[in-house]
Amino acid sequence: MYESVVTEHTGTEVASDNFFETAKAHPFGIARMDGEQIVRDPFEVTETDGLNCFGDIPEGEFVHVLEGEPDSLIDAARRAGQAARESDATVDGLFFFDCISRVLYLEDEFERELSAVASDDTPMIGALTIGEIANDGYGHLDYYNKTAVVGAAEEK
């Protein structure tokens, strides 16, 4: 099913030798009733023609095949950085955690993402991760792929 959806949409036939290259732009979105979709990145085809993802997709979940777009990912990271800098606290530094799947997808555009989050007057430190664990806004923790998380730090 995944193969036919991606092939039909992109015109690129998905095969085991180009799977990751194609799949990094087409993750799954797990539908949530009152929130954003939770992204899962497929990274390989199993011996039984299943897909392994970074993070589980529970059996029976309704998923969408998403399409990445560099400008929208970079703009979302920029907005996260801006929101962190506009927090009520004095911002003395930024923490930036970026999912490695974004870097692998953005490739040469990754520098644009870093520049979009950074500011000349605020130090920034961070890490590339396999995913992030975050609160969904309703008190539930979940594991996310393809995210960019920016936090503000105040020196005390």
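Here are some notes:
- Overall, the chain carries a charge dipole of about 360 debye about its Cα centre when +1 sits on the Cβ of Lys and Arg and -1 on the Cβ of Asp and Glu, all other atoms neutral.
- Note on D108/D34: beta-carbon distance plugged into 1/(1 + (r/R0)^6) with R0 of 25 Å gives a FRET efficiency of 0.10.
- Packing around the peptides 66-73, 133-140, 100-107, taken as the average count of other Cβ atoms within 10 Å per residue, puts them in this order, highest first: 100-107, 66-73, 133-140.
- Net charge dipole size for the stretch 55-134 [Lys, Arg +1 and Asp, Glu -1 on Cβ; Debye, nearest 20]: 200 debye
- When you restrict to C-alpha pairs under 8 Å that are six or more residues apart and normalise by the size of the stretch 2-65, the relative contact order lands at 29 percent.
- Span per principal axis, largest first, for the Cα atoms of the stretch 2-65 (Å): 36, 25, 17
- Share of pairwise Cα separations in the stretch 70-153, more than 20 Å, in percent: 31 percent
- Spatially, the stretch 92-129 and the stretch 1-53 are offset by 25 Å when compared through their Cα centroids.
- Net charge of neighbours whose Cβ lies under 14 Å from the Cβ of I125, counting Lys and Arg as +1 and Asp and Glu as -1: -3
- Footprinting exposure proxy for F95, F110 (fewest neighbouring C-beta atoms within 10 Å first): F95, F110
- Highest average packing first - 76-82, 88-94, 146-152, Cβ atoms within 10 Å: 146-152, 76-82, 88-94
- Convex hull volume per residue for the chain, taking Cα atoms only, in Å³: 131 Å³
- Model label points for L128 and E59, set 7 angstrom from Cα along the Cα-to-Cβ axis, are 3.6 nm apart.
The numbers here are math on the coordinates, done by the rules we state, and not lab data. Not measured: the values here are computed from a predicted model. Here the Cβ is made from the backbone with ideal geometry for all residues, glycine too, and neighbour counts use every protein chain on show.
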